[in-house]
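A short worksheet on the structure shown next.
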Amino acid sequence: MNLAVLVSGSGTNLQAILDAEARGELSAKVKLVVSNVAGVKSLERAAQAGVPAEVLPHKGFASREAYDDALVERLRAAGVELVALAGFMRIITPRLLGAFPGRILNIHPSLLPAFPGLHAQRQALEHGAKVTGCTVHFVDEGCDTGAILAQAAVPVLDGDNEASLTARILVEEHRLYPAMLRAVAEGRVSVHGRRVVISSPV
Ligand code: GRF
């Protein structure tokens, strides 16, 4: 299955996906990386892996819809079938969702529905949560509201700050996201309303 990864920044999740592919553990091919921000580390990671990468800056588009139309055009041109948001700092519109129904995934650094939106790790610390984690979910019209494929729990330690908690959550993100993309690519994911069932490899 042909995969695109959409990014805006450092791309450690992109790296985990590329590494899984290189190990033969993705069952998908990363055909394209798109960043809405120029000069980010993600673009270096794509180049290093020999994956085509494009910068599609959001400035210059009259609306979110116009931006998403341009994005869909690029994804279609690359033969993309599955889309992974990996630190893509854009609200996406029904234009993109409609072009890839049930085929857009995101990873979020909390146990949703707790702490959606920006700065999820900071929210967990400010709330005094003892456990947080990460969630892989399908993307829908809402903000981090789509059906959940998988979650991993991470303890919040007494001495944590945002950086230390973020780093501990990322370890789990890098394991969980490629595994879930693989499950989708292998057709092992079935959706029943909001319940998502992942079957084991045979
Ligand atoms: C991760 O924490 C991810 O959960 C969130 O954005 C961050 C991206 O990090 N959606 P990276 O660019 O993959 O390092």
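The values are calculated or read from the model by the stated rules, or taken from the named source; none is laboratory data. The model shown is predicted, which means the values in this text are computed figures rather than measured ones. In this analysis, Cβ positions are derived from the backbone assuming ideal geometry, glycine residues included, and neighbour counts consider all displayed protein chains. These accessible areas exclude ligands, DNA and RNA; they are computed on the full protein's heavy atoms, side chains included. Shrake-Rupley method; radii C 1.70, N 1.55, O 1.52, S 1.80 Å.
The one condition from (1) of a type outside the set (D, E, K, R); (2) over 27 Å from Lys31 (Cβ atoms); (3) touching a strand residue (DSSP E or B) at 6+ places or on another chain (Cβ under 7 Å); (4) part of a loop (DSSP other than H, G, I, E, B) that Gly142 does not meet is (3). Screening region 17-31 for residues that are touching a residue at least 40 places away in the same chain (Cβ under 8 Å) and among the small types (Gly, Ala, Ser) and picking the one that is nearest to Gly87 (Cα to Cα) gives Ala20. All of (1) within 11 Å of the ligand (Cβ to nearest atom); (2) more than 21 Å from Ala84 (Cα to Cα) hold for Cys134 with one exception: (2). Going by the structure shown, is Leu26 within 22 Å of Val171 (Cα to Cα) and either open to solvent by 10 Å² or more (accessible area, probe 1.4 Å) or not assigned by TED's automatic domain parsing to the domain that holds Ala129 (or both)? It is true that Leu26 is within 22 Å of Val171 (Cα to Cα) and either open to solvent by 10 Å² or more (accessible area, probe 1.4 Å) or not assigned by TED's automatic domain parsing to the domain that holds Ala129 (or both).
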